[in-house]
Structure formats: C-alpha cells, structure tokens
Amino acid sequence: MTAPAIELKDISKAFGPVQANKDINIRVMPGTIHGIIGENGAGKSTLMSILYGFYKADAGEIWISGKKVEIPDSQAAIAAGIGMVFQHFKLVETFTVLENIVLGAEDSGLLRPSLARARRELKALADEYELNVEPDALVQDIGVGMQQRVEILKALYRKADILILDEPTGVLTPAEADHLFRILENLRREGKTIILITHKLREIMEITDTVSVMRRGQMTATVKTAETSPQELAELMVGRKVLLQVDKKPSAPGAVILDVQNLNVTDAKGVHRLKGVSFQVRAGEILGIAGVAGNGQSELLEVLGGYEKARGIIFMNGEPIDLTGTKSDGQSRRARGIAHVPEDRQREGLIMDYAAWENTAFGYHHDAKYRSGPFMNNAAILKDTEEKMARFDVRPPDPKLAAKNFSGGNQQKIVLAREIERNPDLLLIGQPTRGVDIGAIEFIHQQIVALRDQGKAILLVSVELEEILSLSDRIAVMFDGHIMGLGPAESANQIGLGCLMAGMGGDDTRSMTGWDISDAAKIEAGTPSLADIEKNLAHAGTAEKV
Amino acid sequence: MDVIPKWADVVLIPVISLLLAAILSALVILAIGENPWEALKLMVDGAVGSTYGWGYTLYYATNFIFTGLAVAIAFHAKMFNIGGEGQAVLGGLGVALLCLYIPWPHWSLALLGATAGAALFGAGWAVIPAYLQAKRGSHIVITTIMFNFIAAALLNYLLVGALKPAGSMEPSTGKFPAPTHLPSFQDMFSTADTVMFRGAPANVTFFVAIAACVAVWALIWRTRLGYELRAFGHSESAAKYAGISPTKIIMISMTISGALAGMMAINNVMGEAERLVLNAVEGAGFIGIAVALMGRSHPFGVFLSAILFGFLYQGGAELALWTSIPRELIVVIQALVILFTGALDNMVRMPLEKFFLARRRAAKPKTKLTPAE
C-alpha cells in the first residue's frame, strides 16, 4: 500500500482564546483531489496556512509521502513539494507572466538563462495540462482566470506534487471555473495531489474524490464524495438540516421607487466605470444585478449610497436626487429613504473597533431617537441594539462586544438589522452573504424576501449567480459598465447569464424570453467560444484591479 | 476578546516601560561615575519632596496636559498633529495681545478672555494645515512641522519689532498689567502662618487644564461629534459610507487640537512669565506627542503622563543643579522614557500578550471553541 501523499496528525492551533484548529487528522492519497469544506470561520484557511508554513501548529505532525516533516516557513513547504494558490493572488502586476513564474526560483544571478528554461518548461506544462498563458503579457493586462493559471504554473515550476487551492473559483465566471476544473483533472491524471478548499458544495460534488468537512475548528467527517450528497455535506457543515432553496411567493410589484436614467461614472483615474446605465426598481420587487466583480456594480452602489459622484438622473419616489452637490452624501440618501448594506461590511458597513451598539447607530447617529442634544443617547442605543440582536439572532448577543469579534455572518446581521429596521423605501444590498456561513445565509435571504413582501424595493448586487437566481424577481447583468441584459428571473438560465456576464450574447441568451438584451451583446452570433469569453474577461479583469 | 486585560494595557505596560527606561538611565548614570540611587533620590526630592517642588512639577504638567490633549484628540481622528509647538507659540501671541491691549478689570475676566484668545490663535494656526490636508492632500505631518518654524520666525519678527516696548534691549513684550496676573498656588494655598508653593510658577491654569481633560473626555466619548471623529479615525471608508464628511472631521479635529495647544499659553505666558518672551514654549509641543502616546490618547492617561513628564522636567532640573550630572543627561533620560513608552511599546506588549495567553490557557484547559479563520 502506498503512503499517503500528505497526512496531518492531531494538528491543533489556537489564536488567543480562539481554538482555530483542534486535533485535525487528514490523509490524502496521491493522485486524488481532496476537498475541504466548511463555513467561514471553520478553520480551513488556518489549517492550510499551517501546512504552508505561515503558522506554526501548537501540536501535531505533518507527514509527506510517509516521512515526517517540519514546515517552519513557506520555503520548507516548497521544498517538501507543496504549492499553494491563494484566494488573493500573490503576483507582481507590472511583471510579465514569465517573470512572475521565475521570481524567487531563479537558477543563477543572471536572469536570461532562467527565463529561457522557464519558457521551455512552461510550453511543456501548457501542453500537458491545458494551462495556457501568454508568457510575455504583463500580469496586470491578463484576466483573472489566466492570473490563476499563472499561480498554478508557479507552483508546478517549483516541482510541487501537492497543490492547495484556497477558494479558487471565487473570482471566476462559470466558464472559467469549468476550465479550472479541467486543469485540475489533468493534474490528477498525472499523479498530482490536490487539496481544494471551498465553501461551494457544487464544486465538491463535481470534482473531488474525498471530502473532509470542518466545523468550528474540528474535522467533523471525511467521506468519499461518491458516497455522499450535498444535503448530507451541508448538514455536516452546519450541524443541522438547512434549506438551500429560498421560499418566496411571486412578487407583486407596485409603483416605481427608483428610476435610474443614463448614469455615468468616471473615476479619479479617468476610467469610465458606468456607461449610460438605466433601470427601474419597483416597490415589492427584488432587482438582482449579476456580473463578475469589477464591472461597475460597486460604483453603482456607491452612487446610490451617496459617496460617488455621477452624471445622469436618478429619481427616488419620483423626485430627482442630487448626484454631485452638497446633498450627495450618505446622510442625505438615508433621509430620502435609501438604506444601504454595503458590499464590504468590514471596510464600509462597520467600524470594526466599535462595539456592536456603536455600530447600530452608525450612519443614523443624528436620528432623534439616538441623540440628546449634542450628545449620543447611549442608553437608548444600547437598548435598541439588544432588541435588534434578539430579533436577528446575533450571536453572542452582547452589544458591548467589538464588531471585529463577531463572525462574518453575525457582523452581517448587525448591518442588516440596522438597515432593514430603518424601514427604508429602497434597500441597496451588496454581496449580502459574502463570507457568511450557510445557516446565516438562509436567515439573511429570508429577511430580504420578507422586506420585499412588505412592499419595499430592493436592489441586490451579488457575484454569486445562485444567489441572484434564487432571490431576484428581475435580473440585470452588468459587464464593463453596461447593462448587458435585463429580464424576468423565471426565464433566465445559468449559461445565458454566464454569457452576458462575459459580455456576449448567443443562443442561450436568446432562449431567455422577455429579456431585453443590449446591442453590445447582440452583435455576435452563435455561442461564444471559450477564447472569446476569455478575451472579454481579460478586459473585465483589468477593470477590476483597483 | 482582547488578549490583554484592560488594566494591563493601561497600567502594566506603561509601568514596565518606565521601569526599563529607569534601569537604562541608571546604567548611563553609572557609566559617567555617578550614583543612580542618589540621583533618583535627588529627583524625587526635588520634584515632589516639597510644595515648592510640586509647584514646578504641576506647572510643567499643566503645559503638557494641554499639548498632550491636543495631540490626543487629533489622534482619534487619525490626524498626527506635530504642530503643537507652533500652535502654542501663536496661542502665546493671542494671550499677549489680549492682556496688553485690553484693560481687564479682574484676573478672572482676563483669564476667560485670554483663554479664548489663546484658543483662537492656536486653532487658526492649525486650520491652515488642516485645510491643505482636507482639500489639497498635503500631508498634515509635513505642514504642521513647517508651521512650527513659521510660527517661531513670526514671533521672532514681532518680538524684535512691533511688540517690543520702545527702548527695551530684550526681545520680549512689556510686562502685562497687574489685573491680568493670575493667582499662583502660593496665593491660593498659603495660610497666615505657612507659605506654601513659595515662588513656584504653578497657578490657577492647572484647574483649567483639569477641566479641559473632562471636556475632551466628554467630547470624544459622549458627543455625536466625538463619535464621528473616532469613526473617521478608525475607518475613513466606513465614515464616507455613513455620510461623515472627511473634510469636516479633519477641519474640526485640527481646530480643537490647535485650540488646546494654544491654550497652553495661559499657563506659561500669562500665569508664569506675565509677558511674552522668545522660546516661551520650550518644546512642550513636542513633549505633548509623548504624553499622548503614553496616555493612550485618553484624557485621564494624558493627565497622568503629563504629571510624570512634569516630574522628569523638574527632577531633571534639580539634578543638574546639585550634581555634576550634566543637563544633557536629563534630556537623555527623558528621551529614554519617550523611547520606551512610545516607540518601543510593542517590545513590552508582545511578551505580555504571550504571558496572559499562557495564563488563560492554564486557567481554563477547556477553552470554549470560537470559530476563527
């Protein structure tokens, strides 16, 4: 019997009082793909950081191919044949692909021979695994999908036999993700061992041989993928049965609440971020904005939220709102009945060092009920926070705990409670469940639908296509600052949306009845080829790097 | 949950830092052939051994409270106001103008007027760098430093020109009229038979400084403005999301900061010198940075560390007077205190964090599992 490619024995790691990993045991056989799935905060990334030498385990052993090894730093990990592809790529943007691959692994003081050797090896690797890249392109000019392939090539160039991928599809379109999975299958066929960390059940089911489930720092189960089901894995992850479907009645749209006409945004660098965007949101409906991150959705939310200047016209309840002057700030927007759950709760939605109760008043601290003269009415805010925490099931229900000490899902609940209970006419909500565990996702989705059923207008921005599909009544797809298509959610399909997200039209979008497809997407005929999509994504990718 | 208990953060770390600074200072004193124990006794005796010593210690401390509060409040908005020195110089100018040219009937009214004038002048000097930062992106550290030099040059120009009484050989204003003289501690606390604080410069301004501490505390932690100011300091992006104007916060925080630095002048110019002289601030603006750092930008912490620095100033002066330890060594000791309490904070903090972690784990072997990534 062959030794496992990698074996972890009783790994434990604590950060302060927080036990991030506890007695973790994993065996991964060579030539297999092993999935590690778990909620945010389950300890997956900590475990992989231990394996890659970023953290030192408090206890436990690491065995590679039957030999016990010490991994004090990433150099040792590379020497042991471990390669890592991070969620956020570690590439030098102004270097070429080739230079990035060689960086840190040069043969000698002179660069030229190393680059020549790398170019030869790259060719071989590309042919073998479908890992095509443009060696001489600058990293900042290539798309996210290719950047990820550069990361994989970096690992392979360093002779990695074990490849760890941390949430690799987070930034990819469905087509790109499929391409990645083909690469992974090729790698498996050649005997490489792959560890795939993800929170997406679909990916686990699609590609892994075995899967481990982590929950609250512990390994709750390791099973053969073929012998399990998504429902079972989801249950192991959260420890109880969860609904993956959102229960919602058909929408009953009322009057137009938000009317956006020909909205344009040019950022500080002179890049045109929004190019003539127009749409409406009615009372009692959810308009979902789909798209790969960085195609103008963030700017749209910022304009509506009041902290980005724009040209164009926006009517709120039939009255125009100020897009450039003194009334174009968050306070004025809130006064007009717009509440905003921002995309990035840690940078925008919350002050991480503020206690939960201080965050509950954030943005609304001038409200009559929260103030007394020039002072804050701390007692009132505290009481209000306690009630909100109870209603939104925030755990722990401690208003005096700093926001940074709550998990992602509970942080999001604090923001949601604040914005939803303001009873706004329009709720802007960006990435409502990013970094949120499954149990909380369900709750958050229910809250959004409940608000819709109260007759409020909701503008939902998400890069998770499944979330868009399950929540929206109508869907708009954004690409490169344009709305590529807009139509009812019932007739949308994943592939058609994927094409629009990549800036294409095609047969799949034509089958979506009732959809208004933009001229930009209508130009080409037939289903786009992978290469076309990639070309467009490369374009989209450059817009993303801000 | 924070790793270090609050009491350790606010008490233990500064105390350990101080001890380290003291040990190193003792080694330096040993190296130049003096007895560190004798030196310490002299310092303690000179600074807090008599009401006279206290009178000086508290006088210096009053200066440092104002400049420390100035730095602290700007810190909360993530503004690094290095210009306390210049703002205090301008504050002195405001005090001098008000005291010289307005016929005050009583010192209490003069104190109110001079405080307003000092605050106004100090604030005015801080507003220009603040505006440049908010509207033009000029870095506040650079501009406030430069404004220190401009303030010094301006005062120099005025004290050898317009403000110098005719015929005087000295670069200073004339003496302020008697009704503007503030009651010193000697006036306030001496009884018929015992004279307290004889000749020491501590005066009623000390109580203004305490009031300022309370006011700053309420402003930072109780008002909506303080809430916005801290929010901006923690996260500018979140402040923008909430509709808090960065320009407004930068301008207001620097205005208050400058006003506090300027208010120092009622202590040194009006209370002590009773005229405006060159170099009246004597570096108190810079000491304020160390005071705010050591005081963790909390008004109460600023109060305590201002007293400590007052002690060092007065104790150091005594040391230079009675031993052959040169004046420069006092600067070395002060520098060591600043170095350990300010710059080397993490050196003490890290081992302490480890210590508390180990203790907590030993105390509770079954740690509650909290998810973390």
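The numbers here are math on the coordinates, done by the rules we state, and not lab data. If you're wondering where the values come from, they're calculated on a predicted model, not measured in any experiment. FYI the Cβ positions are ideal-geometry reconstructions off the backbone, even for glycines, and counts take in every protein chain you see.
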**OP:** Just need the relative contact order of chain A here, percent rounded to a whole number, with Cα pairs under 8 Å and 6+ apart.
**Re:** 15 percent
**OP:** Rank-order B:257-270, A:358-371, B:177-190 by packing density, defined as the average count of other C-beta atoms within 10 Å over each peptide's residues, highest first.
**Re:** B:257-270, A:358-371, B:177-190
**OP:** Could you calculate the contour length gain from A:N186 to A:L110, that is, 0.36 nm times the residue separation minus the distance between their Cα atoms, to one decimal place in nm?
**Re:** 24.0 nm
Original post:
For the stretch A:67-177, what is the convex hull volume of its Cα atoms per residue in Å³?
Top reply: 120 Å³
Original post:
Based on DSSP H runs of at least 4 residues, each adding -39500 (n - 2.57), what is the mean residue ellipticity at 222 nm of chain B after dividing by all its residues, to the nearest 500 deg cm²/dmol?
Top reply: -22000 deg cm²/dmol
Original post:
In the calculated pair distance distribution of the stretch A:6-238, what percentage of Cα-Cα distances lie above 30 Å?
Top reply: 24 percent
Subject >> For residues of A:400-413, the mean tally of beta carbons on other chains within 10 Å >> reply: 1
Subject >> Two-decimal Rg to Rh for chain A - Kirkwood Rh, Cα set >> reply: 0.98
Original post:
Per residue, what volume in Å³ does the Cα convex hull of the protein assembly as shown take up?
Top reply: 220 Å³
Subject >> Positive minus negative residues near B:S235 (Lys, Arg vs Asp, Glu; Cβ under 13 Å) >> reply: 0
Original post:
With r defined as the distance between the Cβ atoms of A:A268 and A:A335 and R0 fixed at 22 Å, what FRET efficiency is calculated, to the nearest 0.05?
Top reply: 0.25
**OP:** Convert each backbone phi in the stretch A:249-264 into a coupling constant with the Karplus relation 6.51 cos²θ - 1.76 cosθ + 1.60 (shift: θ = phi - 60°), then list the ³J(HN,Hα) values in order as whole Hz, x for Gly and Pro.
**Re:** 7, x, 6, 10, x, x, 5, 6, 8, 10, 10, 9, 10, 6, 7, 10
Original post:
Dividing the convex hull volume of the alpha carbon atoms of the stretch B:12-133 by its residue count, what do you get in Å³ per residue?
Top reply: 179 Å³
Original post:
What are the DSSP H helices in chain A that stretch 15 Å or more along their long axis, judged by alpha-carbon atoms, and whose average Kyte-Doolittle hydropathy comes to at least -1.0?
Top reply: A:111-129, A:144-157, A:174-189, A:378-391, A:408-420, A:438-453, A:530-544
**OP:** Please list B:232-243, B:78-89 highest first by mean number of surrounding beta-carbon atoms within 10 Å per residue.
**Re:** B:78-89, B:232-243
**OP:** Before rounding to the nearest 500, sum -39500 (n - 2.57) across all DSSP H runs of length at least 4 in chain A and divide by the residue total; then give [θ] at 222 nm in deg cm²/dmol.
**Re:** -10000 deg cm²/dmol
**OP:** Pop the C-beta distance of B:S50 and B:A362 into the FRET formula with R0 = 35 Å and round what comes out to the nearest 0.05.
**Re:** 0.15
Original post:
Suppose R0 equals 22 Å; then what is the FRET efficiency for A:D322 and B:E236 from their Cβ-Cβ distance, rounded to the nearest 0.05?
Top reply: 0.50
Original post:
What does the average come to when, for each residue of peptide B:223-230, you count the partner chain Cβ atoms lying within 10 Å of its Cβ?
Top reply: 5
**OP:** Would you kindly calculate the translational diffusion coefficient of the stretch B:153-194, applying Stokes-Einstein with the Kirkwood radius from alpha carbon pairs, for 37 °C and a viscosity of 0.692 mPa s, and quote it in µm² s⁻¹ without decimals?
**Re:** 254 µm²/s
Original post:
From the phi of every residue in the stretch A:458-467, what ³J(HN,Hα) in whole Hz does the Karplus formula 6.51 cos²θ - 1.76 cosθ + 1.60 yield, where θ is phi - 60° and glycine or proline is x?
Top reply: 10, 10, 10, 10, 8, 8, 8, 4, 5, 5
Subject >> Unit Cα scatterers, Debye sum, the stretch B:65-299: log10 I(q)/I(0) for q = 0.15 Å⁻¹ >> reply: -0.96
**OP:** Sort A:488-498, A:86-96 for me by packing, meaning the mean count of neighbouring Cβ atoms within 10 Å per residue, highest on top.
**Re:** A:488-498, A:86-96
Original post:
What does the average come to when, for each residue of peptide A:375-381, you count the partner chain Cβ atoms lying within 10 Å of its Cβ?
Top reply: 3
